[in-house]
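In what follows, a single structure is set out as structure tokens and then discussed.
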Amino acid sequence: MTLPPQNRATTARLEEIEEALAQLAPRGFTLGLHIRYSRPVRRVSTYPSQWIQTYTQRNLGVGDPMMIWCVMHQGSIAWGDLVRLMPDPLDVMGQARAHGLAFGVALSHGPAMSRSYIGAAHADRDFTATEIARVGALLREAHDLLDRDTALRPILVAALETIACGMTYEQACEALGISRTALRYRLRKAREVLGAEDNPQAVRKAIDAGLLNGISLSGLSKGMPTGPEGGGD
């Protein structure tokens, strides 16, 4: 599938930002952009593979002090300060140190319903104030880039929601109080913004982008209705 020019440009810039973060955090980083419905729209981790495996297998995310702090605050905090302020019942920070992640910083940015975060690590020293400021600037830029690229007008989201809930075109038109022509137009615009080829793919991409709640996707189990147009008009 070919992405729209805006999506391609955003992806290219995000990759540049991630390369810059890798230079600033030589021991690795985890970047999560726009946490919506408890998961980020985009997540990248360059921590050592053994630590990623341990973190995932032991489900440490549920008690990670860094993640909890980032959900509750905006700004930045050194890992050394974090362990003194936040409880760590799963000993996440201790296990991280055992994997060579002893020095680091956590940063978060954005509103509570769509917050972005980064945890960045140095091998043998704390981050300087200049480095933290640079990481923060890159986080904010990535947050704003992805926010613009995944933005859908509320009327387009509403149109997708009707399809995600399993409605036929007739039911969707009645629920939204619009004509069939208007519904087809809104769905087409939503597909264009999301870079989707049909309505089911648009719904999946909207869920992945945190624009729709995946719980509402009741129609998937019985086949996504697309109407007589087959979802492509």
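Under the condition of being of a type in the set (D, E, K, R) and outside any loop (DSSP other than H, G, I, E, B), which residue from segment 147-173 is modelled with the highest pLDDT? It would help to see each step written out before you state the result.
Residues of segment 147-173 of a type in the set (D, E, K, R): 147-149, 153, 161, 170.
Cutting the leftovers down to outside any loop (DSSP other than H, G, I, E, B) gives us 147-149, 161, 170.
Working: 147: 80, 148: 73, 149: 66, 161: 91, 170: 94.
Restricting to residues being of a type in the set (D, E, K, R) and outside any loop (DSSP other than H, G, I, E, B), the top hit is 170.
Return the only residue of 95, 50 being open to solvent by 60 Å² or more (accessible area, probe 1.4 Å) and in contact (Cβ under 8 Å) with a residue 40 or more places away in the chain. Let's see the steps before the verdict.
Working: 95 fails: open to solvent by 60 Å² or more (accessible area, probe 1.4 Å).
Just one listed residue meets the conditions, 50.
Any residue at all in segment 35-42 that is assigned to a strand (DSSP E or B), open to solvent by less than 90 Å² (accessible area, probe 1.4 Å) and out of contact with any Gly (no Cβ under 6 Å at 6 or more places or on another chain)?
Scanning segment 35-42, I find at least one residue that is assigned to a strand (DSSP E or B), open to solvent by less than 90 Å² (accessible area, probe 1.4 Å) and out of contact with any Gly (no Cβ under 6 Å at 6 or more places or on another chain), so the answer is yes.
Name the residues in segment 73-84 that are modelled with pLDDT under 95 and more than 19 Å from residue 128 (Cα to Cα), would you?
84
I need the full set of residues from segment 128-146 which are surrounded by fewer than 17 Cβ atoms within 10 Å (Cβ to Cβ) and at pLDDT below 95, in order please.
Correct list: 144 only.
Taking residue 101 as the residue in question, decide whether it is closer than 28 Å to residue 30 by Cβ, of a type outside the set (Phe, Trp, Tyr), surrounded by 20 or more Cβ atoms within 10 Å (Cβ to Cβ) and under 22 Å from the mean Cα position of the chain (by Cα). Quick ask: steps written out before the conclusion?
On the way: closer than 28 Å to residue 30 by Cβ: yes; of a type outside the set (Phe, Trp, Tyr): yes; surrounded by 20 or more Cβ atoms within 10 Å (Cβ to Cβ): yes; under 22 Å from the mean Cα position of the chain (by Cα): no.
Answer is no for this residue.
Limited to segment 174-216, what total is found for residues that are among the acidic types (Asp, Glu), touching a residue at least 60 places away in the same chain (Cβ under 8 Å) and part of a helix (DSSP H, G or I)?
Residues in segment 174-216 being among the acidic types (Asp, Glu), touching a residue at least 60 places away in the same chain (Cβ under 8 Å) and part of a helix (DSSP H, G or I): 2 in total.
Examine segment 104-119 for a residue that is among the hydroxyl-bearing types (Ser, Thr, Tyr), at pLDDT 95 or above and open to solvent by 30 Å² or more (accessible area, probe 1.4 Å), and state whether such a residue exists.
Within segment 104-119, not a single residue is among the hydroxyl-bearing types (Ser, Thr, Tyr), at pLDDT 95 or above and open to solvent by 30 Å² or more (accessible area, probe 1.4 Å).
For segment 152-196, which positions are closer than 20 Å to residue 41 by Cα and either hydroxyl-bearing (Ser, Thr, Tyr) or open to solvent by 50 Å² or more (accessible area, probe 1.4 Å) (or both)?
The answer is 153, 154, 161, 192.
The values are calculated or read from the model by the stated rules, or taken from the named source; none is laboratory data. Remember, it's a predicted structure, so these values are computed and weren't measured experimentally. So basically every Cβ, Gly included, is an ideal-geometry build from the backbone, and we count neighbours across all protein chains shown. Ligands, DNA and RNA are excluded from the accessible area calculation, which covers all protein heavy atoms including side chains. Shrake-Rupley method; radii C 1.70, N 1.55, O 1.52, S 1.80 Å.
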